[in-house]
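Working notes, structure below.
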Amino acid sequence: MPPTGSDSGREELKGRLKQLIENKRVVVFSKSSCPFCIQVKQLFKSLDVQCHVEELDLQDDGVTIQDVLFEMTGQKTVPNVFVNKSHVGGCDKTLEAHKNGLLKKLLEGEEKYDYDLIVIGGGSGGLACSKEAASLGKKVMVLDFVVPTPQGTTWGLGGTCVNVGCIPKKLMHQAALHGHSLQDSRKFGWEFSEKVQHNWEAMTEAIQNYIGSLNWGYRVALRDKAVTYLNSFGEFVEPHKIKATDKRGKETFHTAAYFVLATGERPRYLGVPGDKEYCITSDDLFSLSYCPGKTLVVGASYVALECAGFLAGIGLDVTVMVRSILLRGFDQQMANNAGKYMEENGVKFIKKFVPTKIEQLEAGQPGRLKVTAKSTESEDTIQGEYNTVLIAVGRDACTGKIGLEKVGVKVNEKNGKIPVNDEEQTNVPHVYAIGDILDGKLELTPIAIQAGKLLARRLFGGSSIKCDYINVPTTVFTPLEYGCCGLSEEKAIEFYGEGSIEVYHSNFWPLEWTVPGGSNNSCYSKIICNKLDRERIVGLHVLGPNAGEITQGFAAAMKCGITKEQLDSTIGIHPTCAEVFTTMEISKRSGADITQRGC
Ligand code: FAD
Ligand code: NAP
């Protein structure tokens, strides 16, 4: 058996503790002379409840057990009490639970509950978690309900990614890329009549049909795994009880031992006159029954730039109104290069302005809107006319109306997000949260799925593997895609100091672009290396075609701790864009020329 101080020893110890908690009705981690522990043990005695007591001061590995309990529960002190697999807490919390009736309910056992697990929210995270828990033999319910947008748009099971996020976005990005390829194809000998036009309705119908098949697939998968699915809005009414309200207003009540919150986010509005009446958001765009026409996109992050990119790519007149910078939080050199390429390809940018009023000039599909905006730097105002205004100024967590106050789940008042420990557990032990509603975590589909799956395995499968939020790769699907993994150059400098990092970079010219005469210096790649750690790569960035596909593979290498030397010794695949990373010789510091004259 490995020593309990070692990593594997701790994991083994954690497994043992979990088994204990899983198998005993009441477990009290105690110290023999602690007065609070004595009080708790007396309480159970007075209730005539037998408890399994672990006196940590009398055990060799007592200190390590306390550390591991801290990892598991966020509580280091004793007593540390578990009842029927639920973490109750210390002396005060146990006495409080006794007073408010929770202890009685917990002692009555899980069979008292309708379900082992209820998941509120059937999006990326919720579906993954509920299916995994059901595969582990648990009785699971998942609720998913879409509140219609102010424009009345609604959709089916599967959450944001499938219905109004990643999937339709990437397909519309693809529609735009096809337009570009059509133009390039002439140079490769394709001949077709000059008039090429795009049909919005045909594209949207095809994409919506595909989404419909995914919605259906999710329902079937839930049925196959025996997960109970309710198309109802869930909210807590008691610590272990929720109310489910369907679209006709019919209410039902359900109880569970554990809850997972996975309610995701919805687009934020500007809060200026006319925004909810006349503007749309990404929640409306992908199923819009008519072509949006001349469009103003407000915002400058992922959603705004991606939507602006594909709308321009299918031939629309598109303007982006930027409050401050592009892609806040991303490497700014890369963000600006992505924006520059958009600008060179027809997207207009109005920088340092925010809308103050949206008025309808003419109703219709699309109609005509007048937008008034003010400068963020002066008293200047401007006006413009557009057919459609797409607001993409961020998203709000759906945590306000789900009765969290009835259970005592803490929410970060500033942003409505839920703080959790590294096991996705909220401050209320039997309530967990995953996905976009987590405070300080990334808002990406694969993260929500991974966190949901691993959580179910930890809750019901005896696993101790946690979701790793470090070095998560991501791609912004702008017309020229921007993929990255790890730190931006700014963050790396902040973290390691400018002298401790070396940045290697290169422009590259995709072979596919040479014949059509595409720009030879738009594509750019860079790696950021930690000089103090054998030039381990701490940031990787690429702006070019298929950047998402490229970044995925290098992200796996970064997970394994790849260094610059190992990257140099990797043989490239020729002729590809990704091979640029295997031949990066020029450091940014050197100032040497990186422009490409041939591929
Ligand atoms: P969601 O998928 O949003 O699911 C939450 C579900 O819960 C929703 O169906 C909601 O209606 C439901 N719900 C809310 N409250 C209740 C309630 N009280 N009762 C019942 N049901 C409720 N990520 C990527 O990785 N790649 C991308 O390319 C990408 N593109 C995106 C493009 C756009 C336009 C947007 C908006 C997002 C994109 N994302 C992308 C982000 C990704 O969609 C989210 O990170 C992911 O969907 C989060 O999953 P989730 O389970 O937390 O929430
Ligand atoms: P976001 O990252 O929160 O960005 C909000 C943008 O709106 C910023 O540019 C911000 O500008 C601007 N803004 C905020 N308030 C404004 C106002 N009042 N007026 C004008 N502009 C304003 O939001 P998001 O783009 O909606 O993305 C949400 C999350 O979804 C992302 O974090 C991402 O994880 C996920 N997502 C992922 C993908 C992908 O993987 N490809 C795609 C889309 C979304 P400032 O910089 O000035 O604050």
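The values are calculated or read from the model by the stated rules, or taken from the named source; none is laboratory data. Values in this document were obtained by computation on a predicted structure and should not be read as measured data. Quick reminder, even Gly has a Cβ in these numbers, built from the backbone with ideal geometry, and neighbours come from all protein chains shown. Areas reflect the complete protein model, heavy atoms only, side chains present, ligands, DNA and RNA absent. Shrake-Rupley method; radii C 1.70, N 1.55, O 1.52, S 1.80 Å.
Key figures for this structure:
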item	result
Distance between modelled label sites at residue 277 and residue 104, nm, 7 Å Cα→Cβ extension	5.5 nm
Lys/Arg +1, Asp/Glu -1 at C-beta; the chain dipole; positive extreme among 504, 36, 461	36
Dipole magnitude (debye, nearest 20) for the stretch 74-167, charges at Cβ of Lys, Arg, Asp, Glu	200 debye
Accessible surface of the chain, 1.4 Å probe, proportion on carbon and sulfur as whole %	52 percent
Check: the chain dipole with +1 on Lys, Arg Cβ and -1 on Asp, Glu Cβ, in debye	1260 debye
0 to 90° range, to nearest 10: angle between helix 166-187 axis and the chain longest Cα axis	20 degrees
Residues in the stretch 456-489 reached by a label modelled at residue 412 [backbone nitrogen below 20 Å; 7 Å Cα→Cβ]	467-474, 486-488
Principal-axis tilt of helix 62-73 within the chain, Cα atoms, nearest 10 degrees	50 degrees
Residues with amide H under 5 Å from that of residue 237, placed H, sequence gap 5 or more	242, 243
Derived scalar couplings ³J(HN,Hα) [the stretch 234-242; Karplus, 6.51 cos²θ - 1.76 cosθ + 1.60; whole Hz; x for Gly, Pro]	x, 8, 5, 10, 8, x, 10, 9, 10
Residues whose placed amide H lies under 5 Å from that of residue 320, excluding near-sequence neighbours	297, 348, 349, 350
The stretch 1-116 - accessible surface per residue (Å², probe 1.4 Å)	53 Å²
Global geometry of the stretch 120-193, whether rounded, prolate or oblate, following the gyration tensor of its Cα atoms and the 1.5 cut on a/c	oblate
For the stretch 259-338, accessible area per residue (1.4 Å probe, heavy atoms of protein chains only), Å²	30 Å²
Label-point separation in nm, residue 225 to residue 77, each point 7 Å along Cα→Cβ	3.9 nm
Table column - 3J(HN,Hα) (Hz), the stretch 457-464, Karplus curve with 6.51, -1.76, 1.60, x for Gly and Pro	5, 6, 5, 10, x, x, 7, 10
Whole-Å distance, taken between Cα centres, linking the stretch 553-599 and the stretch 123-153	41 Å
Cα-based helix-to-principal-axis angle, 302-313 vs the chain, degrees rounded to 10	30 degrees
Additional length obtainable on full extension of the chain from residue 187 to residue 552, 0.36 nm per residue less Cα span	128.3 nm
The stretch 419-548, relative contact order [Cα under 8 Å, separation at least 6], %	19 percent
For the stretch 344-360, Karplus couplings with θ = phi - 60° (6.51, -1.76, 1.60), whole Hz, Gly/Pro x	5, 10, x, 7, 9, 10, 10, 9, 6, 9, 9, x, 10, 7, 10, 10, 8
Among 451, 376, 407 the positive-end extreme of the charge dipole of the stretch 372-531 (Cβ point charges)	407
Sites residue 585 and residue 378 - FRET efficiency at Förster radius 35 Å, r taken between beta-carbons, to 0.05	0.15
Cβ crowding within 10 Å averaged over residues, with 132-144, 405-417, 285-297 ranked highest first	132-144, 285-297, 405-417
Point-charge dipole on Cβ atoms (K/R +1, D/E -1) for the stretch 344-431, about Cα centre, debye to 20	180 debye
Gap separating the Cα centres of the stretch 178-243 and the stretch 330-358, nearest whole Å	27 Å
Two-decimal Rg to Rh for the stretch 9-89 - Kirkwood Rh, Cα set	0.94
Enclosed volume per residue, in Å³, of the convex hull spanned by Cα atoms of the stretch 171-254	164 Å³
For the chain, alpha-carbon Rg over 2.2 N^0.38 Å	1.10
Surface accessible to a 1.4 Å probe, per residue, for the residues of the stretch 490-559, Å²	42 Å²
Helical contribution to [θ] at 222 nm, DSSP H n ≥ 4, -39,500 (n - 2.57), averaged over the chain, rounded to 500	-10500 deg cm²/dmol
Mean Cα-pair separation over length for the stretch 223-379, i.e. relative contact order, pairs under 8 Å, 6 or more apart, %	16 percent
Charge dipole (the chain, unit charges on Cβ, about Cα centre) - positive-most of 180, 103, 582	103
